[in-house]
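Working notes for the structure below.
We did not get these values from a lab; they are worked out from the coordinates using the rules stated. Just so it is clear, the model here is predicted, and its values are computed rather than measured. FYI the Cβ positions are ideal-geometry reconstructions off the backbone, even for glycines, and counts take in every protein chain you see.
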């Protein structure tokens, strides 16, 4: 199994959790917005996607500290301490 590879469905879900636009993700990942659109059109892993691109997108999400991925199907939201009730 490839590590740090995410599916189109995970990409859409993670963007939704962070309330990021495609442009915001593209900027944070250092990839083109048209690339994000192509990746998000499929539920699985886009076969022609570059591994380095998928890893850059993965890093952009995980650097936030609130998104974690499980395989190529799951996305976990880890709330910041400020959102956790005491």
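Remarks
- Using alpha-carbon coordinates, inclination of helix 8-18 to the longest axis of the chain, degrees: 30 degrees
- The residues 62, 35, when put in order of fewest to most other Cβ atoms within 10 Å, stand as 62, 35.
- Note on the chain: semi-axes of the ellipsoid equivalent to its C-alpha gyration tensor, largest first and rounded to whole Å, are 22, 14, 11.
- Computed from Cα positions, the angle between helix 51-62 and the longest principal axis of the chain comes to roughly 10 degrees.
- Estimated distance in nm for a label pair at residue 21 and residue 55, the labels positioned 7 Å out from Cα along Cα-to-Cβ: 3.0 nm
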